[in-house]
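Readers should treat all values here as calculations from the given coordinates under stated rules, not as data from a laboratory. It should be emphasised that the depicted structure is a prediction, and the values quoted were computed from it without experimental measurement. Note: ideal-geometry Cβ built from the backbone for every residue, glycine included; neighbour counts use all protein chains shown.
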Amino acid sequence: MFIMKKIFVSISLFFFVSCSFNSQTTVKSPDSSISLDFQLSNDQPFYTIKKNKKVVIEKSLLGLILENKLDFSSGFKIQETSNSSYSDSWAPSFGEESNIINEYNQLSIILHKDSLEMKLIFRVFDDGVAFKYEIPNQTGIPSYDIIDEKTEFNLSPNDKAWWIPAFSYRRYEFLHAYSSIDSISKKYFSDSVEDISYDTLGIDAAHTPLTLKKKNGLYVSLHEANLINFSSMTLAPKGDGNLEAELYPWSDGIKVKLESEIISPWRTIQIAENSSDLLSSNMILNLNDDPEEGSDFSWVKPGKYMGVWWEMIGTNQSTWWPSANHGANNKKVIKYLDFASKHKFDGLLVEGWNIGWHPEWCCSGNGNPFSFTETQDDFDLPYLSKYAKGKGIRLVGHHETGGQIQNYESQLDDAYSLYKENGIKFIKTGYVNDVSKNIKRIDENGNIVYEWHHGQFMINHMQRVIEKAAEYEISIIKHEPIKDTGLRRKYPNFISREGAKGQEFNGFSSNGVNHITVLPFTRMLSGPMDYTPGIFQLNNFRFKSPDNKVIDNAAIVPSTITKELALYVIMYSPMQMAADLPEHYLKHPQAFEFIKNVPVDWSEKVVIDSKIGSHIILARKDKFSENWYLGGITNQESRTVKLDFSFLEDDKIYNLNIFQDTDNTHWKENPMKYEVVSRLISSNSTIDLTMAEGGGFAIEITVTK
Ligand code: NOJ
């Protein structure tokens, strides 16, 4: 039986229904720090949010426009308001924390417009506000298709955001811009981060999570939760600090196609006094559901994996496609399996095992369709999976779809049953198609149409994949995914995903040295990331081509070994990769020990210090022992931090195993230099640690008595 045990004591749930139609209603968070005001003004619904005395969101419009221009943003009267409170906690089967408190005050408002009805539900937590729309099935609504969402997030022109562009070619794989809200545009992004000016389809908007630092000092992140059978929300600047929800449309322009009622995802506004508190919010997960009654996900297990992967994408010594340098060959895979099993990894990813790969496979969506059941000649799936099983490890499957959705869907059952027969428990999926609005679909009339990567068509596809994979007891690590909106609570087999520029870009281009000091506060607020840390050979690793094994000395991973270790603590993923080659790990056995030891399942998290784009220092407690792990990373600047250990238990002595930069470590000049220092401390000790330019540190903390 599944596992999301309710472990809290009392659920206090009270209702108060009012029919006294005040046009303004306020609801506060359980700790009273956050307040949400709802009002009808000129018969239009608006909300305002404050934290203590500071304005978070100024008066902002709510509403939807349905097909036939049926306007659900004006002409309303309040029919009924009701208040309730909820307080509970729950235990995820694995995660960043073993106990999650879910506490909020709720305001539900039924609005009517002549005979038509719309419900707004607001939840006010101590860490933010969420709301959603419900339009129940009723007479007088000929179509539930949505042609526009009117939700506004009225901020201030002085508020600044970390953002990536929506409606552009490479999904979520961009470095972040940092600008005023009003500057969010392809032009600004092209001038300051990466040229996307040629990408003229679509509008100026940003993806969520969009993280803001407000002029009044508050930190805010706008996102959505429980995105099912809808379209992704982006945020478009309307001037004067106002952002408006913009949904990705289908190829025919309709934003969301629904049969008989509307239940929108939650629109979420996480609010914190400082950047570290943003990282402590569990609001997105709390707005998702437990697995369905009777479902069993006990087969989903966190773990660590290696891969026949970096040698294609990073070191460029092998190919995915058939060639003299084909990576996924039996001999090579056996070598990796021996190494990975010896070092107690749970899985080995093998890419390029199937038919369909060719040198031009990437990235237009036009390649030959992949087969997900036929292997390349030098890869023997039954033999290798049996060999792996005998060594206590499993192959991790790989399905690169190239964004060819209907080809993939037509093979799902065959592909998953083949993998299941071979004992495979995880599949990394991929959707590389680097052209805007280029997901090919044969529509109901047999016509070829092209969809956006983030529209309802793709959201429903991802849903089908995750549900189908669960039938075969397979967990999915999704690359080029839809953003995480907390569905991993209901579908624990949605175990991890990419959804940002990950480590792989350092293989074939560069993310620069500061990117990973932004990711935890932006992309990672949505959920775990398959960033694929653990590159130890940080320079002189890449060949010019698989056929020309001359080192490309311009290629570097802008990091240090200590920083790579720290990422195992900072970048949460329940399925965590050690991305480098076995021979590179053998050169640094002590640092490799850290990767082997570091847990993937945690009971507690403490953010010790952080500043977005600058540094982050974070500690996590192992779920199955008294051990703690601490990671610190910095941007291009060297930084000395004073660590205090007050989060540890009193009256215990702990041993620290510190992996630290040396005096001459430097992300560019000397990235692989580190030292290991041990010392004893207690909860009232403090120590100073220096991170080199672009460096970090990682600490293993074990109890001695
Ligand atoms: C892009 C993925 O992010 C990467 O990890 C994978 O190796 C390639 N696609 C090929 O599928």
TODO: With both partners inside the chain, how many of the DSSP beta bridges are antiparallel, as a percent to the nearest 5?
DONE: 90 percent
Task: Partners for LYS150 among aspartates and glutamates (Cα-Cα distance below 13 Å; same-chain residues under 8 apart left out) - done: ASP71, GLU244, GLU246
Task: Electrostatic dipole magnitude of the stretch 2-286 [Cβ: Lys, Arg +1; Asp, Glu -1; Cα centre; debye, to 20] - done: 540 debye
Task: Cβ-placed point charges (K, R +1; D, E -1), dipole of the stretch 103-188 about Cα centre in debye, nearest 20 - done: 380 debye
Task: Summed residue charge, Cβ within 12 Å of GLN537's Cβ, Lys/Arg positive, Asp/Glu negative - done: -2
- [ ] Anything over 28 Å Cα to Cα? Flag those among LYS344/LYS483; LYS59/LYS213; LYS673/LYS705; LYS213/LYS428, in the order listed.
- [x] LYS344/LYS483; LYS673/LYS705; LYS213/LYS428
TODO: Pull out a ≥ b ≥ c, the square roots of the eigenvalues of the alpha-carbon gyration tensor of the stretch 477-550, then state rounded if a/c is under 1.5, prolate if not and a/b is larger than b/c, and oblate in the remaining case.
DONE: prolate
- [ ] Kindly state, to the nearest 0.05, the FRET efficiency for PHE624 paired with ASP663, given R0 = 35 Å and r defined as their beta-carbon distance.
- [x] 0.45
TODO: Any of LYS69/LYS468; LYS501/LYS563; LYS563/LYS587; LYS186/LYS214; LYS386/LYS596 with alpha carbons more than 27 Å apart? Name them for me.
DONE: LYS69/LYS468
Open item on the list: Considering only C-alpha atoms, what is the centroid distance from the stretch 136-162 to the stretch 666-700, in Å?
Closed with: 48 Å
Open item on the list: Quick check on the stretch 508-562: take the gyration tensor over C-alpha atoms, sort the square-rooted eigenvalues as a ≥ b ≥ c, and tell me if it's rounded (a/c under 1.5), prolate or oblate.
Closed with: prolate
- [ ] Using the Karplus curve 6.51 cos²θ - 1.76 cosθ + 1.60 with θ = phi - 60°, work out ³J(HN,Hα) for each residue of the stretch 297-305 in order, rounded to whole Hz, and write x for Gly and Pro.
- [x] 10, 5, 6, 7, 10, x, x, 10, 9
TODO: With +1 on each Lys and Arg Cβ and -1 on each Asp and Glu Cβ, and nothing else charged, work out how big the dipole of the stretch 46-185 is about its Cα centre, in Debye to the nearest 20.
DONE: 420 debye
- [ ] Please give the FRET efficiency for SER280 paired with ASP380, using the beta carbon to beta carbon distance and R0 = 41 Å, rounded to the nearest 0.05.
- [x] 0.30
- [ ] Mind checking the stretch 142-211 for chymotrypsin sites (Phe, Trp or Tyr not before Pro) that DSSP puts in a loop (not H, G, I, E or B) and that have at most 11 other Cβ atoms within 10 Å?
- [x] TYR198
Task: Relative contact order %, the stretch 562-700, counting alpha carbon pairs below 8 Å whose residues are six or more apart - done: 28 percent
Task: Within-11-Å neighbourhood charge of LEU680 [Cβ basis; K, R +1; D, E -1] - done: +3
TODO: Would you mind checking which residues have amide H under 5 Å from VAL396's amide H? H placed 1.01 Å from N; only 5 or more apart, or other chain.
DONE: LEU348, LEU349, VAL350
Task: Selection from PHE94, ILE146, SER197, by position along the positive dipole direction of the stretch 2-286 (Cβ) - done: PHE94
